[in-house]
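See below for the structure under consideration.
The values are calculated or read from the model by the stated rules, or taken from the named source; none is laboratory data. Here the structure is a predicted model, which is why all the values come from computation and not from measurement. We place every Cβ from the backbone using ideal geometry, glycine too, and count neighbours over all the protein chains shown.
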Amino acid sequence: MHKNLMIYGSSVSRDPFEDLGSDYALLAYIARQSMISALSRPTALLTEETLGSALQNRSLNGDLKSNLLPTLQRYAPEADLLVIDLTDERLGVIRLPDGNYVTRSPELMKSPLPAGIAGKARRIAPATEEHWTLWESAANRLFGSLTAMGLRDKTLVLNTPWARVTEHGEAVPPFRDSAQDVELNAYLAECCAHIRSLGYTVATLPPELRVSESSHKWGPSPYHFGSAARQWIAGQMASAAAGVAVA
């Protein structure tokens, strides 16, 4: 039976979608958009930017427009499942001089846009008290909106603790450094626990699957998982889309 999915997250969710086959359609993919930025007002301080790829353009310009909720509202009536992963929360946010927020994404930092607000903006790193206060408020608003859209029972949140080794047992290059990665991992788990407390389904990647892939198309990293993890995630998506309980 045909199923329509939306993804708010990263390649952690997007790559396994490709394993689902032709019975599944992707209505929307919102990436590189922290919940803090997504629930912030669109900013007029930074204009749209043209980058090297269509995905980069969509991601950055969507973040500047805070287009998450409008996108979800547009497709919610057709959607069988919304998949969320929090991987991009690792990036933190930037508080702009107008009081709004944008995600500190690679796309933003590679663009000329930050030069226009140099000395006027402030970075807020994840796993800090300030980030948590902002994130918790944004999460409460987002999941309240999802409930209002009728998506509570059609949402799957993925908790994917990061890999520390590849399938060959080799150490994975850290995102920041080993100590900060441990802190970020714990922080993302705390975020998932909060989402679960709001009554939403959270599926946690089993420990034995938390392995990176040395031949991954984007290279090994803590969140570039191997084929077994991707198959598990795809299976969770398929089950949730069919209305089968997942864990």
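With Asp80, Asp88 as the choices, which residue is crowded, with 22+ Cβ neighbours inside 10 Å and closer than 20 Å to Met6 by Cα?
Asp88
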Query raised in the report: Do we find that Glu107 is modelled with pLDDT of 95 or more, within 20 Å of the chain's Cα centre (by Cα) and either outside any helix (DSSP H, G or I) or among the charged types (D, E, K, R) (or both) in this structure?
Result: no
**Report entry** Given (1) among the charged types (D, E, K, R); (2) under 21 Å from Ala186 (Cβ atoms); (3) touching a Lys or Arg at 6+ places or on another chain (Cβ under 8 Å), index of the condition Glu107 fails
**Finding:** (2)
**Report entry** Within the stretch 207-220, considering residues that are touching a strand residue (DSSP E or B) at 6+ places or on another chain (Cβ under 6 Å) and in a loop (DSSP other than H, G, I, E, B), the one surrounded by the most Cβ atoms within 10 Å (Cβ to Cβ)
**Finding:** Pro220
Query - Set Ser111, Ser66: member being buried (at least 19 other Cβ atoms within 10 Å of the Cβ) and not hydrophobic (A, V, I, L, M, F, W, C) - result: Ser66
Query raised in the report: Inside the stretch 110-128, can you point out the residues that are assigned to a loop (DSSP other than H, G, I, E, B), at pLDDT 90 or above and more than 16 Å from Tyr187 (Cβ to Cβ)?
Result: Ala121
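Just the residues that are within 15 Å of Thr43 (Cβ to Cβ) and either in a helix (DSSP H, G or I) or of a type in the set (A, V, I, L, M) (or both), please, taken from the stretch 91-104.
Within the stretch 91-104, Val93, Ile94, Leu96, Val102 meet the criteria.
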Report summary line: Restricting attention to the stretch 150-176, the residues that are in a loop (DSSP other than H, G, I, E, B) and closer than 20 Å to Leu86 by Cβ number exactly 10
Query raised in the report: Just one of the numbered conditions (1) in contact with a strand residue (DSSP E or B) (Cβ under 8 Å, 6 or more places away or on another chain); (2) surrounded by 20 or more Cβ atoms within 10 Å (Cβ to Cβ); (3) of a type in the set (A, V, I, L, M) is not true of Ala229; which one?
Result: (1)
Report summary line: Glu129 fails exactly one of (1) of a type in the set (D, E, K, R); (2) without any contact (Cβ under 8 Å) to a residue 24 or more places away in the chain; (3) over 20 Å from Met35 (Cα atoms), namely (3)
Report summary line: In the stretch 174-189, anything touching a Pro at 6+ places or on another chain (Cβ under 7 Å) and polar (S, T, N, Q) is listed as Asn185
Query raised in the report: Can Val182 be described as part of a helix (DSSP H, G or I), more than 19 Å from Ser10 (Cβ to Cβ), among the aliphatic types (A, V, I, L, M) and modelled with pLDDT under 95?
Result: yes
Query - Tally, over the stretch 6-29, of residues that are surrounded by 22 or more Cβ atoms within 10 Å (Cβ to Cβ) and in a strand (DSSP E or B) - result: 4
Report summary line: Subset of the stretch 118-127, residues surrounded by fewer than 15 Cβ atoms within 10 Å (Cβ to Cβ) and of a type outside the set (Lys, Arg), comes to Ala118, Gly119
Report task. Being under 28 Å from Thr204 (Cα atoms), surrounded by fewer than 18 Cβ atoms within 10 Å (Cβ to Cβ) and either without any contact (Cβ under 8 Å) to a residue 60 or more places away in the chain or hydrophobic (A, V, I, L, M, F, W, C) (or both) narrows it down to one of Arg141, Arg152, so name that one. Result -> Arg152
